[in-house]
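The values are calculated or read from the model by the stated rules, or taken from the named source; none is laboratory data. Since this is a predicted model, take the numbers as computed values, not measurements. Here the Cβ positions follow ideal geometry from the backbone for every residue, glycine too, while neighbour counts run over all protein chains shown.
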Amino acid sequence: MEAELSAKREAHSEIEERIRQVQADVDALKTEKQHAEERLAQLRADLAVCHGLFAAKKQARLQASISEEDECCAKIDHQLEEMETVYKSLQVEEAEQPSISEVEYQIAQFCLQNGLIAAAYSHFARIRGYRDVDSLLANDDNLVAAAAAREPKLAPYKTVGSYVSFGRYEQDNNTANGQEPIEWIVLDYDAANNRALLVSRYGLDAKPYNTSYTSVTWETCSLRSWLNGDFLRTAFTAEEQGAILITTVDNSNSQGYSGWNTDGGNDTQDKIFLLSYAEAKRYFGVQHHSVSGSGNNTRSRVSPTAYAAARGAYTSSSDKTAKGKSAGWWWLRSPGYFRNSAAYVIDDGALSYFSVDSDNGSVRPAFWINLDSDIF
């Protein structure tokens, strides 16, 4: 039944991603058509005032250009009609998918009836508000006891500022003794959804924001691909990955530094992400380096692990963390002053930007973890 649930989730996610892509393609086509119509209007205006003895050749050129733009608009209209058909078929396909909540409910009932109380609680907790779930969680003695038994383990995850261990990654640069447990700082706890926001306590690796020097956004950078690919698979078991929530990551201008006002690109759907400037400011007090005292912020400084340092992560000889360790600089997902640069937290704790292909920055992954997961 777990396999069935996983398959349903994947099917829903795939359809949702296809719908988002079609919507993005439609928006791009509409923008392209708007530009074509603007060019067409200008050409017609130019033709209307094109008179005189020697105007025939220019009129012919303008008429040819108008024909080309008319053809372009017609082609775009045809593409939009095709996209509309695809969009409607995807909506039908999405509507025909079995309810994930119902599959989750059936698994929970099966677990409850067969004495798998902890697993039953986890599945019911994911679908609060569905059918009689809230009543069961509040009144079934076994489920109430299961909830109480989880609290000691969950308490640190619900305490902002505490450290928790989750997953494993090479850190001491001694591969012979295996990977070490990863320490995370609890940045936020969302009681309504029973989830916690974690960021790594140390810089876990050294990576460029993007492998090539070009204009990118968080959506298109290589670091995002690595975090949600190789890093995710390396650092977490399949069960741990299941507890990491897919997050709609806000990449709007409100998340970047207003003094730069660089477009952050599209929002993304990620399990693992980097903090934005707005989040770094909220949780660590990070401010632009021009602000007086911004470079004295030990709370926002981070030290790279021995493994990260060996892979090229910068460490300062003068700036130290609050624990007295040599600080490095770490990437944020927000854009820098230019689209070929990205925001980062300097080793002194202030905000600046660096070219995206700089490869000596520390990586501090972040994610929201589902505290209703049955791994707890």
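Annotations
Condition check ((1) farther than 30 Å from Ala118 by Cα; (2) at pLDDT below 90; (3) outside any loop (DSSP other than H, G, I, E, B)) across all residues:
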| site | (1), (2), (3) |
| --- | --- |
| Asp25 | yes, yes, yes |
| Lys57 | yes, yes, yes |
| Ala64 | yes, no, yes |
| His78 | yes, yes, yes |
| Thr85 | yes, yes, yes |
| Ser89 | yes, yes, yes |
| Val103 | no, yes, yes |
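- Apart from one condition, Leu332 fits all of (1) of a type outside the set (Phe, Trp, Tyr); (2) in contact (Cβ under 8 Å) with a residue 40 or more places away in the chain; (3) assigned to a loop (DSSP other than H, G, I, E, B); the exception is (3).
- Candidates Thr305, Thr321, Thr298: the one that is polar (S, T, N, Q) and in contact with a helix residue (DSSP H, G or I) (Cβ under 9 Å, 6 or more places away or on another chain) is Thr321.
- First in the stretch 47-68 and in the same structural domain as Lys33 (by TED's automatic domain parsing) and surrounded by 14 or more Cβ atoms within 10 Å (Cβ to Cβ), second anywhere and acidic (Asp, Glu) and assigned to a helix (DSSP H, G or I), Cβ under 7 Å, 6 or more apart: Leu62/Asp46
- Only one of the listed residues (Glu69, Glu32) is under 28 Å from Met83 (Cα atoms), modelled with pLDDT of 85 or more and over 31 Å from the mean Cα position of the chain (by Cα). That residue is Glu69.
- Yes/no for Leu43 being surrounded by 14 or more Cβ atoms within 10 Å (Cβ to Cβ), more than 30 Å from Gly265 (Cα to Cα) and of a type in the set (A, V, I, L, M): yes
- Matching option when the condition is out of contact with any His (no Cβ under 8 Å at 6 or more places or on another chain), closer than 30 Å to Lys153 by Cα and buried (at least 24 other Cβ atoms within 10 Å of the Cβ), among Pro304, Pro335: Pro304
- As a summary of the residue check, Thr248 satisfies the conditions (1) under 30 Å from Ser373 (Cβ atoms); (2) polar (S, T, N, Q); (3) touching a residue at least 60 places away in the same chain (Cβ under 8 Å) except for the one numbered (3).
- Residues that are farther than 24 Å from Glu16 by Cβ, surrounded by fewer than 22 Cβ atoms within 10 Å (Cβ to Cβ) and among the hydroxyl-bearing types (Ser, Thr, Tyr) within the stretch 255-287 comprise Ser258, Thr262, Tyr283, listed in sequence order.
- Of all the listed residues (Gly324, Gly349), the sole one being touching a residue at least 60 places away in the same chain (Cβ under 8 Å), outside any strand (DSSP E or B) and either under 22 Å from Asp250 (Cα atoms) or in the same structural domain as Thr262 (by TED's automatic domain parsing) (or both) is Gly349.
- Filtered residues of the stretch 108-135 (kept if touching a Leu at 6+ places or on another chain (Cβ under 6 Å) and either surrounded by fewer than 18 Cβ atoms within 10 Å (Cβ to Cβ) or farther than 18 Å from Ala192 by Cα (or both)): Ala120
- Single condition Asn194 does not satisfy, out of (1) at pLDDT 95 or above; (2) more than 22 Å from Gln255 (Cα to Cα); (3) polar (S, T, N, Q): (1)
- Taken over the stretch 151-198, the criterion of being under 14 Å from Phe376 (Cβ atoms), loosely packed, with under 13 Cβ neighbours inside 10 Å and either more than 23 Å from the chain's Cα centre (by Cα) or assigned by TED's automatic domain parsing to the domain that holds Thr247 (or both) is satisfied by Glu151, Pro152, Lys153, Ala155.
- Per this entry, Glu240 is counted among residues that are closer than 16 Å to Arg168 by Cα and either in a helix (DSSP H, G or I) or free of Cβ contacts under 8 Å to residues at least 60 places away in the same chain (or both).
- Counted residues, the stretch 361-376 - those being hydroxyl-bearing (Ser, Thr, Tyr) and buried (at least 22 other Cβ atoms within 10 Å of the Cβ): 1
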